Amino acid sequence: MEKFLFSIDPKNKELYILHREFPACLIWVKQELPARFIVMDLYDEMENPNEILNMSFVQEAKDYFSKYGSSLFNPN
């Protein structure tokens, strides 16, 4: 099972990354230069959800995007 999955919202053409391990969450790749990564939804209970952006998977998501998703990114 892949740790991350890409999803593109067909309505607004926004790119999202789903983190499928703990903590499962949906990350919005905001179309700016450089791209910003914003946690939109958190699907697991966490003791301190404010610390989510300091977790190592956020950098892994950025690396995943750089390696596989940059061709999906179309800044306006």
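The values are calculated or read from the model by the stated rules, or taken from the named source; none is laboratory data. Source: prediction; values computed, not measured. A quick note on method: Cβ atoms are made from the backbone with ideal geometry, for glycine too, and the neighbour counts reach across all protein chains shown. Side chains included, ligands, DNA and RNA excluded: accessible areas come from the protein's heavy atoms. Shrake-Rupley method; radii C 1.70, N 1.55, O 1.52, S 1.80 Å.
Before moving on, here are some points about what is shown:
- Scanning region 36-47 for residues that are without any contact (Cβ under 8 Å) to a residue 12 or more places away in the chain and open to solvent by 70 Å² or more (accessible area, probe 1.4 Å) yields ARG36, GLU45, GLU47.
- Of all residues making up region 15-35, the number that are open to solvent by 40 Å² or more (accessible area, probe 1.4 Å) and not aromatic (Phe, Trp, Tyr): 8
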